[in-house]
Amino acid sequence: MHVSQYKSKTFALEIVAILLALLFLAPFYLVLSNSVKTLKEILLDAASFPQVFHFSNYSDVWKMIDFPQAFWNSFQITVLSVLLIVVFSSMAAYQIVRKPTKFNSFVFLLLISAMIIPFQSLMLQLVRVTSMLELRGELYGIVACYLGFGMPLSVFLFHGFIKTVPYELEEAARVDGTGPFGVFFRIVFPLLMPIIVTVVILNTLWIWNDYLLPVLIIGGNKDLTTLPVAVTKFFGQYTKKWDLALAGLVMAIVPVLLFFLSLQKYIVEGVTAGSVKG
């Protein structure tokens, strides 16, 4: 009796898991299937499987939004921003952990507090400040903004992980005559790889898919148009080209999706390791 009940519960859980998987996969099906349909087919029945695959949508998008240029813009902004976030946030967290002065604790509190401030409440002042500093429409301007907005969470993650790094390793390096930067970059930084990968993945997903900040900072500079901004070209005031927009969306998410799938196991590993010590 108990065995039959156990089997029935297991079967029910499997059914629920399958239904949940189908629920989460439904958006991917809708995007992929509609990206190879005509606009008329999408408007008539968006959920149906395409009878004819119109791969010309992808070639049209490639030309209309200048995909190579938009891809390169997103790539360089993402790489530069993530690189600076990793370096500066890891150094800041290391300083806060190893020298827990009142000032460092106050700085850490400010960084954590910044995580709860809605971005929408900062948009107006952000535009004013970046305009005053002549950062709008420039590559270094958007990278500086991503660095500022990305550091709070990254410092928080690095802060928890650095506490797990044995301090004796740093003392041994100092005895051998290694300087402060040498201790950090030669001893500590290589040990931070799990959390570094986590920070890289989280910030890459955010920056690559971000739309609002590039619109505010890059503005009308078409030479720096990113993929999310370029895809909005297919949405006008009176017309919406869903067939081309969805094809462009697929082209935009494939690179970062492959990147995420190849490194996703490090997210749980890094966050878990960073929470070992409080």
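The values are calculated or read from the model by the stated rules, or taken from the named source; none is laboratory data. Just so you know, these numbers come straight off a predicted model, no measurement behind them. Because the Cβ atoms are built from the backbone with ideal geometry, glycine has one as well, and the counts that use them run over all protein chains shown. Just the protein is used for accessible areas: all its heavy atoms, side chains included, with ligands, DNA and RNA removed. Shrake-Rupley method; radii C 1.70, N 1.55, O 1.52, S 1.80 Å.
Here are the numbers for the structure shown:
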{"item": "Breaking point among (1) free of Cβ contacts under 8 Å to residues at least 60 places away in the same chain; (2) under 30 Å from residue 215 (Cα atoms); (3) of a type in the set (Phe, Trp, Tyr), for residue 62", "result": "(1)"}
{"item": "Unmet requirement for residue 135, which otherwise passes all of (1) open to solvent by less than 30 Å² (accessible area, probe 1.4 Å); (2) more than 29 Å from residue 265 (Cα to Cα); (3) among the aliphatic types (A, V, I, L, M)", "result": "(1)"}
{"item": "Residue count, the range 160-214 (criterion: part of a loop (DSSP other than H, G, I, E, B), crowded, with 16+ Cβ neighbours inside 10 Å and under 18 Å from the mean Cα position of the chain (by Cα))", "result": "1"}
{"item": "Flag if residue 154 is of a type in the set (S, T, N, Q), in a helix (DSSP H, G or I) and surrounded by fewer than 20 Cβ atoms within 10 Å (Cβ to Cβ)", "result": "no"}
{"item": "Some residue of the range 126-145 being part of a helix (DSSP H, G or I), within 30 Å of residue 229 (Cα to Cα) and among the aromatic types (Phe, Trp, Tyr)", "result": "yes"}
{"item": "Residues being within 18 Å of the chain's Cα centre (by Cα) and part of a helix (DSSP H, G or I) - total across the range 218-229", "result": "3"}
{"item": "Per-region count, the range 224-248, residues open to solvent by 80 Å² or more (accessible area, probe 1.4 Å) and touching a Leu at 6+ places or on another chain (Cβ under 9 Å)", "result": "4"}
{"item": "Residue match in the range 149-157 (condition: at pLDDT 90 or above and small (Gly, Ala, Ser))", "result": "yes"}
{"item": "Residue within the range 92-113 that is more than 18 Å from residue 196 (Cβ to Cβ), crowded, with 16+ Cβ neighbours inside 10 Å and of a type in the set (Phe, Trp, Tyr) present", "result": "yes"}
{"item": "The range 6-21: number of residues that are modelled with pLDDT under 75 and open to solvent by less than 100 Å² (accessible area, probe 1.4 Å)", "result": "1"}
{"item": "Where a residue in the range 10-38 is touching a residue at least 40 places away in the same chain (Cβ under 8 Å) and its partner, wherever it lies, is part of a loop (DSSP other than H, G, I, E, B), with Cβ under 7 Å and at least six apart", "result": "34/46; 36/50; 36/53; 36/54; 36/55; 37/50; 37/54; 38/54"}
{"item": "Some residue of the range 57-70 being under 30 Å from residue 163 (Cβ atoms), of a type in the set (A, V, I, L, M, F, W, C) and out of contact with any Lys or Arg (no Cβ under 6 Å at 6 or more places or on another chain)", "result": "no"}
